[in-house]
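Data first, discussion second: the structure below is written as structure tokens.
The values are calculated or read from the model by the stated rules, or taken from the named source; none is laboratory data. Every value quoted in this text rests on a predicted model; they were computed, and no experiment measured them. We place every Cβ from the backbone using ideal geometry, glycine too, and count neighbours over all the protein chains shown. Accessible surface is based on the protein model in full, side chains and every heavy atom, while ligands, DNA and RNA are left aside. Shrake-Rupley method; radii C 1.70, N 1.55, O 1.52, S 1.80 Å.
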Amino acid sequence: MPVYEPKEYEKVIRRIQEKVKTLPAKMGECLSEEAIAAFEECHKIKLPQAYRMFLKEVGNGCEHMFEGCRLNDLESSPCQEPAEPFLLDRFWLWEDDDREEELIEADMENKVYRGNIELADKGCGMSYHLIITGKCRGEVWNFADVGVQPCCERQDFLGWFELWLDEGDEADYFKDYVYDEADFE
């Protein structure tokens, strides 16, 4: 599934609403524009439009998303310096980075652990985050204990959530991901 264009959001939201009706899991109550604006003001951010629409028209979190975990509601989503820019635009496996550990940790702090909110914690060091600042704003990325990467080659929140609706716990968020040979140089 692609990153959707804003002109497609209404159609995608309607499709997601229909699919959600078939879920055994319970969606959280939709948020008002005022509640979303208050969150944004508190954190000095503007959430991506597709996610804002989801919160207002589909729901705020989901009690069961993946096996044993939930889609975080906005108020309890861990934020990592949300107003600071997320500086990556391609995957980074720090486990394979040959630089000194303090340089890697500084890059992690300055490039990765900022400008995003956690959507779901899958456990075992893996979680999904919505990027809210920087070049990849609006995309969902996989965070693991060894590195980070975008899902499904530039997957946005609506596509990420819809893939889960379609495939459940079997959703493969990496099946379409293509690495460029230059990424390994």
Give the residue, chosen from Glu75, Glu29, that is among the acidic types (Asp, Glu), in a loop (DSSP other than H, G, I, E, B) and in contact (Cβ under 8 Å) with a residue 24 or more places away in the chain. Glu29
Could you give every pair whose Cβ atoms fall below 7 Å, whose first residue belongs to the stretch 34-45 and is assigned to a loop (DSSP other than H, G, I, E, B), and whose second residue is surrounded by fewer than 16 Cβ atoms within 10 Å (Cβ to Cβ), counting only separations of at least 6 or pairs across chains? Lys44/Ala83; Ile45/Ala83
Report, by residue number, each residue of the stretch 30-83 that is closer than 20 Å to Thr133 by Cα, surrounded by fewer than 19 Cβ atoms within 10 Å (Cβ to Cβ), of a type in the set (Lys, Arg) and under 17 Å from the mean Cα position of the chain (by Cα). Lys46
Between a residue in the stretch 147-175 that is more than 18 Å from Pro48 (Cβ to Cβ) and in contact (Cβ under 8 Å) with a residue 60 or more places away in the chain and any residue that is outside any strand (DSSP E or B) and charged (D, E, K, R), which pairs come within a Cβ distance under 7 Å, given they are 6 or more apart or on different chains? Leu165/Lys19; Asp169/Glu67
Of all residues in the stretch 133-152 being within 11 Å of the chain's Cα centre (by Cα) and charged (D, E, K, R), which is most open to solvent (accessible area, probe 1.4 Å)? Arg137
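Identify, please: which residue in the stretch 166-185 is open to solvent by 30 Å² or more (accessible area, probe 1.4 Å) and part of a helix (DSSP H, G or I) and is, among those, modelled with the highest pLDDT?
First, pick out the residues of the stretch 166-185 that are open to solvent by 30 Å² or more (accessible area, probe 1.4 Å): 166-167, 169-170, 172, 174-185.
Still in the running and part of a helix (DSSP H, G or I): 166-167, 169-170, 181-184.
Numbers: Asp166: 87, Glu167: 83, Asp169: 72, Glu170: 77, Glu181: 47, Ala182: 50, Asp183: 49, Phe184: 43.
Applying the filter and picking the extreme gives Asp166.
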Mind checking which pairs have a first residue in the stretch 97-108 that is among the β-branched types (Val, Ile, Thr) and a second that is open to solvent by less than 40 Å² (accessible area, probe 1.4 Å), Cβ under 6 Å, 6 or more apart or different chains? Ile104/Trp94; Ile104/Asp97
